Amino acid sequence: MPESMLFAFRGIRAFQALLAIATLSSGVGAVLVLKGYADGGPLPLLFGAIILGAVFLWAFATTLRAPTSFVAVAPERTRIRFAGFVDTVVANDNIVGARLRRRNVFGGVGVRTNFSGDVALVSTWGEAVEITFRQPIRVWLVPRLIPLGARRLTLSLRNPQKFVERFGRPAASPAAGGGRRMKARGSRTR
């Protein structure tokens, strides 16, 4: 029976610092817009302050939850938690496979998606794990507002190779008949 494993996200403290900057920016923006409304500004400024205030509250909660992000693998199920975007339990038989994947700096951090089943929950760039699911799991782009169905989920975990060892499916070897055949060439002279 496979043992339980716990994986932390790499770079989660730097991701938390980015979230803290976003929290501070939205809080300061809400106060400035509210002051503009209080100084006799138009009514739309009040709505802008309310929206920025809601973003501040969400970003503050997400900043506090970021360090509690993890992936816990038990013999029968896996729990995935990333800030306030996902906290779900997946049956291990729903995981088709896992493979290593490189994420570059231009891919960004946080929740990244192509809106066609590929979702990345990344806190830094570099080596990551891509998990393929039989049935999609729900990930929130905007918590409780915009859900995404993730058929492939990329995670920037510490020790990603251990995760791949647990769930990875061996690739077919080229010698097993799927490889390219070389043409027979006659003798060569130089």
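The values are calculated or read from the model by the stated rules, or taken from the named source; none is laboratory data. What you see is a predicted model, and the numbers here were worked out from it, not measured in a lab. We place every Cβ from the backbone using ideal geometry, glycine too, and count neighbours over all the protein chains shown. The accessibility values were calculated without ligands, DNA or RNA, using every heavy atom of the protein model including side chains. Shrake-Rupley method; radii C 1.70, N 1.55, O 1.52, S 1.80 Å.
List of remarks:
- Test for Arg77: is it open to solvent by 50 Å² or more (accessible area, probe 1.4 Å), under 13 Å from the mean Cα position of the chain (by Cα) and under 23 Å from Pro160 (Cα atoms): no
- Residues that are touching a Pro at 6+ places or on another chain (Cβ under 8 Å) and of a type in the set (D, E, K, R) were ranked within the range 137-163; the one that is nearest to Val71 (Cα to Cα) is Arg138.
- Only one entry in Val33, Val111 is of a type outside the set (S, T, N, Q), closer than 20 Å to Pro147 by Cβ and crowded, with 18+ Cβ neighbours inside 10 Å, namely Val111.
- As a summary of the residue check, Gln16 satisfies the conditions (1) surrounded by fewer than 17 Cβ atoms within 10 Å (Cβ to Cβ); (2) part of a helix (DSSP H, G or I) except for the one numbered (1).
- Lone qualifier among Ile137, Ile146 - being surrounded by 13 or more Cβ atoms within 10 Å (Cβ to Cβ), over 17 Å from Leu6 (Cα atoms), modelled with pLDDT under 95 and aliphatic (A, V, I, L, M): Ile137
- Pairs are defined by a Cβ separation below 8 Å, a sequence spacing of at least 6 or placement on different chains, a first member in the range 1-28 that is of a type in the set (S, T, N, Q), and a second member that is surrounded by fewer than 14 Cβ atoms within 10 Å (Cβ to Cβ); the pairs so defined are Ser4/Pro75.
- Subset of the range 150-169 [crowded, with 21+ Cβ neighbours inside 10 Å, of a type outside the set (Phe, Trp, Tyr) and over 14 Å from Ile137 (Cβ atoms)]: Ser156, Leu157, Pro160
- If you filter the range 53-74 down to residues that are farther than 24 Å from Gly168 by Cβ and touching a residue at least 40 places away in the same chain (Cβ under 8 Å), you find that the one that is surrounded by the fewest Cβ atoms within 10 Å (Cβ to Cβ) is Pro67.
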